[in-house]
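Here's the structure we're looking at; comments come further down.
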Amino acid sequence: MRWRLILACITIGVASLTATRSSAQPGDPRYYYDGRNAYPRQAPPPGYGRPPPGYYPGMLIQRAPGAPVPPPQEFNLRRLFGVEEDVPRRPRPTPSVRRSRPQPPPAAAAKPAVPKVDPSTHIVVFGDAFAELTGQGLDDAFEEMPDVEVVRKVRADSGLVRKEVHDWSKSIREVLDGGQEVTVAVVMLGSNDRQTIREGDESYDPLSPRWLEIYRARIDAVMQPFRERGIPVVWVGNPPMRSDRFSADMVRINEVIREGVERNGGSYVDIWPGFVDDENHYTATGPDVTGQPSRLRASDGVLFTRAGARKAAHFVDAEIKRLIDGKTTGAAIAAVPAVPPTPAEGASVDQIISSSLPSLPEPAGTPPLEPKPLAGPVLPLTRPDLASDGKLITKRPTLEGDHGYTARRALREGVPSPPRPGRADDFRWQGSMAVRE
């Protein structure tokens with residue numbers, strides 16, 4: 001019954017609204033038309049008149065009845081919000097404490113300029129790409145010594161094997177005859193010499209007997225111009241390489257170079273220990289001249305980085321200073337104090353001591369002292385590993401057989417060896433045990 005009453009009320013309201021809209025006529029100010037329907041318009045409150053020209057939607061102007069209409073005014077946003085134009089803008093307060101901007105870090109103090117003087121010592125470097133890098137390291141080593149000049153006469157792809165590419169004995173003579181002052185000559189060759197040597201129509205494989213004979217003769221030819229002019233020579237050996245086979249060949253070539261240089265009165269500098277690890281193998285990193293760990297070798301596993309070149313020059317620098325000091329003072333260069341003169345050639349140490357003491361009568365029947373060697377055998381600590389037959393090995397030794405398999409698993413893979421029966425680490429079950437009640 002209730003829903004019928006509600007439905008009747010709704011029906012009556014809709015009918016009355018429809019009747020009102022139907023009675024409204026277009027143009028009647030009491031209604032608002034949206035194109036289809038008419039809605040009653042509310043009357044404005046008393047005191048409001050028609051908006052003046054320039055009126056924009058949303059703006060109401062209140063005017064007393066009969067008051068004159070003010071002239072249109074320009075739109076002013078400040079007047080709209082009640083801000084007077086003659087009010088001066090309030091100045092921004094100045095903070096009492098200003099934040100100081102971070103100052104840039106002070107520039108590094110420039111090194112004092114070294115006065116230029118005429119160099120009295122001329123170090124001339126001859127050789128291949130390693131000689132170029134070592135020469136750069138010597139430039140850094142003697143940077144603070146204005147009286148020392150380092151001159152590089154190098155060719156990266158050269159060596160002693162292919163004379164058609166570059167003949168070093170001829171080139172060195174041309175440099176010396178051209179007026180170049182040379183106090184100490186630094187030579188570094190051999191890294192490009194793992195090639196066959198051609199002699200006429202014959203060719204010889206690297207490190208073969210005939211190859212070694214020709215190579216020794218070419219070392220003598222390089223040393224001869226310096227020997228004739230009395231110029232001290234420092235020949236730098238080649239460093240290890242990342243390839244094991246390359247390193248093995250460099251060891252053999254270094255031995256030949258050392259023998260030839262020392263035979264001609266030169267100084268050989270071995271830089272091999274500065275570029276290997278504790279196991280005497282190639283390493284790309286290591287301590288530099290300041291003791292800090294650095295990368296010493298380039299990514300190709302052959303050439304030096306700048307730190308490596310400076311380290312190689314450190315070995316050469318020590319030998320150069322020794323030669324220059326000995327040449328300046330005119331004293332004989334010796335690494336150890338001189339041995340007192342012996343009374344006779346081939347005398348032993350005991351005989352030398354006896355000759356320096358007052359002579360005393362020897363008791364009758366005293367046997368003569370047997371001569372003893374001055375020093376024991378020389379044992380190189382950085383020599384590459386040798387095989388059982390005394391030859392240089394070309395690769396690391398391998399573990400073979402049953403024992404090799406056990407050792408390889410234990411040392412390389414970390415797997416412990418199986419326990420032996422009866423040993424303390426044998427925890428296997430040995431059988432059933434009778435339990436007595």
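Assorted remarks:
- Condition met for residue 155 (out of contact with any Gly (no Cβ under 7 Å at 6 or more places or on another chain), among the charged types (D, E, K, R) and within 17 Å of residue 238 (Cβ to Cβ)): yes
Conditions (1) outside any strand (DSSP E or B); (2) small (Gly, Ala, Ser); (3) out of contact with any Leu (no Cβ under 6 Å at 6 or more places or on another chain); (4) at pLDDT 95 or above, marked per residue:
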| site | (1), (2), (3), (4) |
| --- | --- |
| 247 | yes, yes, yes, no |
| 265 | yes, yes, yes, no |
| 273 | yes, no, yes, no |
| 291 | yes, yes, yes, no |
| 294 | no, yes, yes, no |
| 299 | yes, yes, yes, no |
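- So residue 158, is it in a helix (DSSP H, G or I) and of a type in the set (Gly, Ala, Ser): no
- First in segment 291-304 and at negative phi, second anywhere and charged (D, E, K, R) and part of a loop (DSSP other than H, G, I, E, B), Cβ under 6 Å, 6 or more apart: 294/288
- Filter result for the condition that a residue is under 20 Å from residue 258 (Cβ atoms), under 38 Å from the mean Cα position of the chain (by Cα), in a helix (DSSP H, G or I) and of a type outside the set (Ser, Thr, Tyr), over 187, 222: 222
- Residues in segment 148-193 that are free of Cβ contacts under 8 Å to residues at least 24 places away in the same chain, more than 20 Å from residue 122 (Cβ to Cβ) and not charged (D, E, K, R): 165, 166.
- Here residue 267 fulfils each of the conditions (1) over 30 Å from residue 180 (Cα atoms); (2) surrounded by 13 or more Cβ atoms within 10 Å (Cβ to Cβ); (3) among the small types (Gly, Ala, Ser) apart from (1).
- For segment 407-427, the set of residues classified as loosely packed, with under 10 Cβ neighbours inside 10 Å and of a type in the set (A, V, I, L, M, F, W, C) consists of 424, 427, listed by residue number.
- Filtered residue count, segment 161-171, keeping only those that are outside any loop (DSSP other than H, G, I, E, B), surrounded by fewer than 19 Cβ atoms within 10 Å (Cβ to Cβ) and not small (Gly, Ala, Ser): 1
- Check on residue 320, at pLDDT below 60, touching a Ser or Thr at 6+ places or on another chain (Cβ under 9 Å) and not in a loop (DSSP other than H, G, I, E, B): no
- When residue 311 is tested against the conditions (1) over 23 Å from residue 156 (Cβ atoms); (2) surrounded by 21 or more Cβ atoms within 10 Å (Cβ to Cβ); (3) not β-branched (Val, Ile, Thr), the lone failure is (1).
- Residue match in segment 278-287 (condition: surrounded by 17 or more Cβ atoms within 10 Å (Cβ to Cβ), over 14 Å from the mean Cα position of the chain (by Cα) and without any contact (Cβ under 8 Å) to a residue 60 or more places away in the chain): yes
The values are calculated or read from the model by the stated rules, or taken from the named source; none is laboratory data. Quantities reported herein were computed from a predicted structural model and do not represent experimental measurements. Note that each Cβ is placed from the backbone with ideal geometry, even for glycine, and that neighbours are counted across all protein chains shown.
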